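Nothing in this text is a laboratory measurement; each read-out follows from the coordinates by a stated rule. Everything quoted here is computed from the prediction, not taken from an experiment. Positions of Cβ are backbone-derived with ideal geometry, glycine not excepted, and every protein chain shown enters the neighbour counts.
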Amino acid sequence: MAKKRKKVKKVKREARVKTKIQKRAEARTNERKRRTAKARTIIRKPVKLRIKVKPRIKERTEQARKINLGKERGKTKTKSKIIETYNVTADKVTATINITETNGKHEYKVNMPELSEITKALLNEIRNSIVSEVVISSAEVLDPAALEGLKKKFWEKAEQLIEKKVPQIKQVTKHLLVGRLMHEMLGLDKIEFLLADVDLEEIVITSKREPVRVYHKKYKWVDTNIILKSEEEIINYSNIIARRVGRQITTLNPLLDAHLTTGDRANAILYPISTKGNTITIRKFRRDPWTVTDLIKNNTCSADIFALIWLAIEYEMNILFSGGTASGKTTFLNVCMPFIPTNHRIISIEDTRELMLPETLYWAPLVTRQPNPEGKGEVTMLDLLVNSLRMRPDRIVVGEIRRQREAEVLFEAMHTGHSVYATVHADTAAETISRLTHPPISVPPNLLEAVHLNIVLYRDRRKGVRRILQVSEFIADEDRVTPNIIFRYKPILDKTVEHMKSMRFYDEIGRHTGMSINEISKDLGEKKRIIMWMVKNDIRGIEQTSKIMNLYYSDKEKLISVVNQNKKFSGF
Ligand SMILES: Nc1ncnc2c1ncn2[C@@H]1O[C@H](COP(=O)(O)OP(=O)(O)O)[C@@H](O)[C@H]1O
Ligand SMILES: [Mg+2]
């Protein structure tokens, strides 16, 4: 019993202890809870704050996101993308040209099929065999005509060697290998593709440190992915170019201005005369020259003015084309040449061949020549002018009037009944007169009466466009010549508009042809309609243009009827 009681007591005690412990524990938990609750409330405050802060953080992240996006967008821009791809073939080898754009900047990339190490080794072997087997005489290297023969010999030998080494080789691969070898050994390597690309107008090599730059018709100045390995390579190329025209370029004779057989013009200057490094500039001959339609479409000239020039050319008036550097004088002169009647004998005289006349015209192009290193063999513009007068020309076309004697002979030719077209470096009609009548040209003012029209071209450097600035006639008396501006460019309208009444041009045409003023204006109207019809039907290109002109001179009625009915011309 006692035991039992003891036990009960113990339990009770334990229970008491327990409750004490429990109570304490509970108190502790409560305290903890209270504290946590308190703590929570303390914490909650900043939580509330946080909630307030949140939008700001959001804003910031938003901003950051935008910035990042911007960066990403920037990044997609920095990634270059190909915007145009086309193929160019030179000596049966085709390269792919990629025009890429990086951050708005264009680049011109020449891509060649990659050659494997084995193929490269094979090419090396063939190269060595050719060097020992194809004997190249110095005459062949220096004579541009013989160079063609050499190329042929080279091509055949290389083909034979490759066929011997790899009998089952495919034709395309063979052409690729032989062509590459030829470009490397006789040509300008990858630059050959630049020469073959009709979309390029200019190729510039400044030094080994800078990539070769080109002037692309569509993308203007762009860098290429071609960088020459050494200055020696540039000198070597200068030499190859010089040899193609039978000349040499050396440290003693470091300037070269050569007119290649392709019609391209190359200029090379060696270091240290060119201080940055050896430099080569190649101005490419436009294979597809501008024509009337192009210059009306790009707003250089109007149909009215072309009709006037056509009339002047048909009736053998003399025209001077003026303008500043690269204003488009030579181009414009060339555009007007198809207006010459088919059976007239034309002689052109230039320092470098730039003019390109339709094949149907009866044309003898002459070019001047610089003396050789010993000072021999020079043929000047004056020599050619004097000589051309003995060739019974109807029309004489002169690249540029620069010196007194040339100008005198030229004006002499005008006065003796030849029809002359020439360019003069001057910005306006008044300046043209001043240039011609003052040193170094100094033509007596009264001779300028022989000029019937002066067309002044102008290049707006900022916009990169060319326009006809003035069309004028010269009114000359004994000691003074003044221009009478018939058409004048109005910048606000971006148009060349009629300015003053003609004082002598139409009279002279009338006197020359017996036509009345009415007949002349009817003729002008017809010519204008033909020109507009050509533009509308996109009749361009030198041969197509000349076909229309031929028809005009052979069967005018037929052409006019096609034009009047606004029909398409099916004569091509
Ligand atoms: N009317 C024109 N519109 C656009 N480009 C032109 C025009 N005339 C000439 N060009 C370009 O301008 C450059 C210089 O022309 P060029 O006729 O040689 O000038 P200039 O004889 O006055 O020095 C050439 O690359 C040519 O293609
Ligand atoms: Mg020129």
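Hydrodynamic estimate: the Kirkwood radius of the stretch 359-411 over Cα pairs, inserted into Stokes-Einstein at 4 °C and 1.567 mPa s, corresponds to D of 104 µm²/s.
For the chain, the longest principal axis of the alpha carbon atoms and the long axis of helix 303-314 meet at an angle near 30°.
Above 17 Å, the calculated P(r) of the stretch 504-564 contains 46 percent of its Cα-Cα pairs. Of all DSSP-defined beta bridges confined to the stretch 87-283, some 95% are antiparallel rather than parallel. Each of the peptides 109-120, 224-235 was scored by the mean count of other Cβ atoms within 10 Å over its residues; in descending order, highest first, they stand as 224-235, 109-120. What you get for the stretch 87-283, charging only the Cβ of Lys and Arg (+1) and of Asp and Glu (-1), is a dipole of about 100 debye around the Cα centre. What the Cβ-Cβ distance of residue 275 and residue 94 gives, at R0 = 51 Å and to the nearest 0.05, is a FRET efficiency of 0.85.
Using a simple charge model, +1 on the beta-carbon of Lys and Arg, -1 on the beta-carbon of Asp and Glu, nothing else, what dipole does the chain show about its Cα centre, in debye to the nearest 20?
12740
Once the Kirkwood radius over Cα pairs is known for the chain, the Stokes-Einstein relation at 25 °C and 0.890 mPa s delivers a diffusion coefficient of 82 µm²/s.
Adding -39500 (n - 2.57) for every DSSP H run of four residues or longer, then dividing by how many residues the chain holds, sets the calculated 222 nm ellipticity at -15000 deg cm²/dmol.
Assuming charge only on the beta carbon of Lys and Arg (+1) and of Asp and Glu (-1), the dipole of the stretch 201-349 about its Cα centre is about 380 debye to the nearest 20. For residue 501, what charge total do you get from the other residues with a beta carbon under 12 Å from its beta carbon, if Lys and Arg give +1 and Asp and Glu give -1? Neighbour charge sum, excluding residue 501 itself: -2. The local environment of residue 338, defined by Cβ-Cβ distances under 12 Å, has a net charge of -1 under the rule Lys, Arg +1 and Asp, Glu -1. May I ask what percent, to the nearest 5, of DSSP beta bridges between residues of the stretch 292-564 are antiparallel? Counting DSSP beta bridges with both partners in the stretch 292-564, the antiparallel share is about 45 percent.
A simple spin-label model places the labels of residue 343 and residue 156 4.6 nm from each other, with each point 7 Å out along Cα-to-Cβ.
Here the Kirkwood formula puts the hydrodynamic radius of the stretch 233-379 at 17.7 Å, using every distinct Cα pair.
In plain terms, the chain from residue 519 to residue 28 could stretch by 164.4 nm, reckoned as 0.36 nm per residue minus the Cα-Cα distance. To the nearest ten degrees, helix 2-78 and the longest principal axis of the Cα atoms of the chain are 0 degrees apart. Remark: spin-label model distance residue 567-residue 257 equals 5.1 nm, labels positioned 7 Å along the Cα→Cβ axis. When the alpha carbon gyration tensor of the stretch 87-283 is reduced to an equivalent ellipsoid, the three semi-axes, largest first, read 28, 23, 15 Å. With K and R counted +1 and D and E -1, the other residues having a Cβ less than 12 Å from that of residue 239 yield a net charge of +1.
Helix 517-536 and the long axis of the chain differ in direction by around 30°, with both axes built from C-alpha atoms. For the stretch 292-564, the equivalent ellipsoid derived from the alpha-carbon gyration tensor has semi-axes of 28, 22, 20 Å in decreasing order.
Rounded to the nearest 0.05, what FRET efficiency do residue 145 and residue 532 have when you use their Cβ-Cβ distance and R0 = 35 Å? Computed FRET efficiency for residue 145 and residue 532 comes out at 0.15.
With θ taken as phi - 60° and the Karplus curve 6.51 cos²θ - 1.76 cosθ + 1.60 applied, the whole-hertz 3J(HN,Hα) list for the stretch 400-412 is 8, 7, 10, 10, 4, 4, 4, 4, 4, 5, 5, 5, 4 Hz, x standing for glycine and proline.
DSSP bridge analysis restricted to the chain gives an antiparallel fraction near 70%, rounded to the nearest 5.
Remark: 471, 88 ranked as 88, 471, counting other beta-carbon atoms within 10 Å and listing the fewest first.
Under 5 Å from the amide H of residue 366 lie the amide H atoms of 348, 349, 350, each residue being 5 or more positions distant or on a separate chain, with H modelled from the backbone and absent for Pro and chain starts.
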